[in-house]
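Below is one structure, written out as structure tokens; the observations come after it.
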Amino acid sequence: MKEIKEVVTLLEEKKYQQAGKLLRKLQKEHPENLLIQLYIGQWCEETNNLKLAEKFYRKLLKDATNPQVVIKARQGLQRIENIEKNRQQQAIAVAKSNPENTEPGLLIIEPINQENKQEAINNFARIMKIDPYSAKMQLQNRGWRIYRIGAIGELKVYGEEMLQANIPVFWAKISDIKKIHIFRVQYFESISPEANIVCLNEQEQMGSLNFNWSEIAVKVEGLLPIFMDAMDYDPRRRSQKIRHKKMTQDYANILDLHLPSRGSIIRFCDQSYQYQKGIGFTIETEEQSLLIPQITNRSKWNNLVNIIDQRLDKVQVWSDFTAFGEVTSRDYTQLLSRLKSHVDIPRKVETMWDSAFQLYSSLVFLKN
């Protein structure tokens, strides 16, 4: 076809405007011609529209039977990969040249929309230079996942590329996580119109803190497993040896209230709240004020949370900690061991779940 030869000449002479005009005409006249689609991909590549070029090349790999078209499509994809790799490496090098960007940080992947998951998998594989199966294993439908720990400048480069590809991620410095003040509530001295709490700070100093309920921007709820050592026989029955097994005995309730204007988190825990001190609680309805029987710590905790919820009914709630905690407490023990948990739960069996909640709540704080 004479016009295709003309397109090739125009591309070689870098006359991209004329080549584009002719290719649009040919595409309209011959929409099924794969050779025309190949040169459209090449035109997109040379005019720096790499995403569209990649789309054309990948479609050709699926549809084309002509070996020459397939070879040229593969070569086009390889060129695009090399271009993106070089850009990425240059961006990382520039980022690392700033000493602030060498600080350690975390890159967090958020849940992927199921409708766009396949596209997200392909983009993630391309950005991180991994195979699609590995990319699929890293992306999930619910909860957050720590994807990488490293220099914050490098993580930011990857993160910005992912955001451009509609993959929801965010990143945070570990030093910023450690800067957040944590106040562990012992009891309420007053709750209205302002709240006054008696609490412990990070240095284990007891004091009081006043805050207005309107200062609270976010609530973070979590359940922390309490483990016990159990004894069990070998299930294979080859011996009568007793083995030790860690089992979940109960769960501790924890609630964080975020005060972003003060860079602080107020933390309540049902295992450490001193119910016998401070004020009692009532639930006020439109019809009556009902005193809740406070028989067990669980009912006392529920009563306390209900009172807090009444004053924060429009505040955003984060309550999907469990999925994050399961993976993080297992796979990131070295990171968690460097974070003080600020959780007062008497434990017989050590666990990383407390530090995982500290990390989760801090990440919510920084993201918001």
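Might you let me know whether region 8-29 holds any residue that is at positive phi and of a type outside the set (Phe, Trp, Tyr)? Taking every residue of region 8-29 in turn, at least one turns out to be at positive phi and of a type outside the set (Phe, Trp, Tyr).
When the residues of region 153-168 are filtered to those that are charged (D, E, K, R) and surrounded by 17 or more Cβ atoms within 10 Å (Cβ to Cβ), the one that is farthest from residue 112 (Cα to Cα) is 154. Scan region 247-274 residue by residue and report those that are surrounded by fewer than 20 Cβ atoms within 10 Å (Cβ to Cβ) and under 11 Å from residue 221 (Cα atoms). Of everything in region 247-274, just one residue is surrounded by fewer than 20 Cβ atoms within 10 Å (Cβ to Cβ) and under 11 Å from residue 221 (Cα atoms), namely 253. For beta carbons closer than 9 Å, sequence separation of 6+ or different chains, a first residue in region 245-264 that is closer than 18 Å to residue 195 by Cβ and of a type outside the set (D, E, K, R) and a second that is modelled with pLDDT under 95 and exposed (fewer than 15 other Cβ atoms within 10 Å of the Cβ), the qualifying pairs are 258/368; 260/368.
Taking the options 45, 119, 81, name whichever one is touching a helix residue (DSSP H, G or I) at 6+ places or on another chain (Cβ under 7 Å), in a helix (DSSP H, G or I), among the charged types (D, E, K, R) and in contact (Cβ under 8 Å) with a residue 12 or more places away in the chain. So the residue among 45, 119, 81 that is touching a helix residue (DSSP H, G or I) at 6+ places or on another chain (Cβ under 7 Å), in a helix (DSSP H, G or I), among the charged types (D, E, K, R) and in contact (Cβ under 8 Å) with a residue 12 or more places away in the chain is 45.
With respect to the stated conditions, residue 61 fails to be assigned to a helix (DSSP H, G or I), at negative phi, surrounded by 16 or more Cβ atoms within 10 Å (Cβ to Cβ) and outside the structural domain of residue 158 (by TED's automatic domain parsing).
Among the candidates 21, 96, single out the residue that is in contact with a Gly (Cβ under 6 Å, 6 or more places away or on another chain) and either in contact (Cβ under 8 Å) with a residue 24 or more places away in the chain or over 30 Å from residue 154 (Cβ atoms) (or both). Going through 21, 96 in turn, just one is in contact with a Gly (Cβ under 6 Å, 6 or more places away or on another chain) and either in contact (Cβ under 8 Å) with a residue 24 or more places away in the chain or over 30 Å from residue 154 (Cβ atoms) (or both): 96.
The values are calculated or read from the model by the stated rules, or taken from the named source; none is laboratory data. None of these values were measured; they are calculated from a predicted model. Here Cβ is always computed from backbone atoms with ideal geometry, including for glycine, and neighbour counts include all displayed protein chains.
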